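> The structure under discussion is supplied below as structure tokens; questions concerning it will follow.
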Amino acid sequence: MIPLRDNAAPRRLTPANTILIAANLAAFIYELSLGPRVVDLVGRFAMVPAAVTNSLSMHSLTWPDSFAHRSDIFGASIRPAMTIITSMFLHGGVWHVVGNMLYLFIFGAAVEYRMGTSRYAAFYFASGIAAALATILIAPESRVPVIGASGAIAGVLGAYFIFYPRGRILTILPIFIFIQVVEIPAVIYLLIWFAIQLYAGIAAGQQGASMGGVAWWAHVGGFLFGIALGPLLAKSRAPRRR
């Protein structure tokens, strides 16, 4: 199902959502400019669950008295954790970034309109962090790099599910060899989307998460996080639609 537009957002270009899309596209253009050297970029800034797991366990160690050694240990423990944020701006190909940005463009504006710009920006990054932690929880020893904004975007979808269940999503729906353009209620569209992610995550299990491919559990974790946190960040009264 390919979404084309929704009927819930009074404005399509909202400040934070537009900046996030522009930042993701700019990062991807930079990736393309690197050519084969992009492997080094991914190696530095992609999230590796095992590295984050090991960095978190380092906090339980007894630190040496030397300040220099303390700084080394602190740097070694904080750098992998920072990749949870940096990995959100990396993508593995044209279709990866186009698909993610399409979903963010369609669903993000309405959620930002309901939350406000600053809350929405904080919510987006919090969703990405929650999605990354879900991936780490499922495959804590995985050494496969994880990249992409889909976990954060899943949080946006979860909030949209709560805010606009009666919204309608204009959707391209392939049926065998035919292409249909239909309007689907948002609650149905997002329930189908979530069911696919959950089924694929269960089918893949820990092995699938460890071997790479789609980070299904990041989508599941981000979506559930968006459902839980979204209502807490909503404005007290929904702005009147134009």
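> Working only within segment 148-188, note down all residues that are on the phi > 0 side of the Ramachandran plot and either assigned to a strand (DSSP E or B) or open to solvent by less than 40 Å² (accessible area, probe 1.4 Å) (or both). Give the derivation first.
Our first condition is that a residue be on the phi > 0 side of the Ramachandran plot; within segment 148-188, this holds for 148, 176.
Listed by number, the list holds a single entry, GLY148.
Residue by residue, here is whether (1) among the charged types (D, E, K, R); (2) open to solvent by less than 40 Å² (accessible area, probe 1.4 Å) holds:
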position: MET101; (1), (2): no, yes
position: PHE105; (1), (2): no, no
position: GLY108; (1), (2): no, yes
position: ARG114; (1), (2): yes, no
position: THR117; (1), (2): no, no
position: ALA122; (1), (2): no, no
position: ILE129; (1), (2): no, no
position: SER142; (1), (2): no, yes
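> Something else: Filter segment 5-41 down to the residues that are among the basic types (Lys, Arg) and open to solvent by 80 Å² or more (accessible area, probe 1.4 Å), then identify the one that is farthest from PHE125 (Cα to Cα). Before the answer, list the steps.
First pass over segment 5-41, keeping only residues among the basic types (Lys, Arg): 5, 11-12, 37.
Those left that are additionally open to solvent by 80 Å² or more (accessible area, probe 1.4 Å): 5, 11, 37.
Numbers: ARG5: 23, ARG11: 22, ARG37: 27 Å.
Per the stated criteria, the residue is ARG37.
> Follow-up. Looking at (1) in a loop (DSSP other than H, G, I, E, B); (2) under 23 Å from ASN24 (Cβ atoms), find the lone condition where ALA132 falls short.
(1)
> Please verify whether GLY201 is modelled with pLDDT under 95, surrounded by 12 or more Cβ atoms within 10 Å (Cβ to Cβ), at positive phi and not aromatic (Phe, Trp, Tyr), treating the condition exactly as stated.
Numbers: modelled with pLDDT under 95: yes; surrounded by 12 or more Cβ atoms within 10 Å (Cβ to Cβ): yes; at positive phi: no; not aromatic (Phe, Trp, Tyr): yes.
No.
> Restricting attention to segment 25-42, report how many residues are closer than 12 Å to SER87 by Cα and within 19 Å of the chain's Cα centre (by Cα). Working first, answer last.
First, pick out the residues of segment 25-42 that are closer than 12 Å to SER87 by Cα: 27-28, 41-42.
Now restrict to residues that are within 19 Å of the chain's Cα centre (by Cα): 27-28, 42.
Total satisfying the criteria: 3.
The values are calculated or read from the model by the stated rules, or taken from the named source; none is laboratory data. Source: prediction; values computed, not measured. Glycine gets a Cβ as well: all are built from the backbone with ideal geometry, and neighbour counts include every protein chain shown. Calculation scope for accessible area: heavy atoms of the full protein, side chains included, ligands and nucleic acids excluded. Shrake-Rupley method; radii C 1.70, N 1.55, O 1.52, S 1.80 Å.
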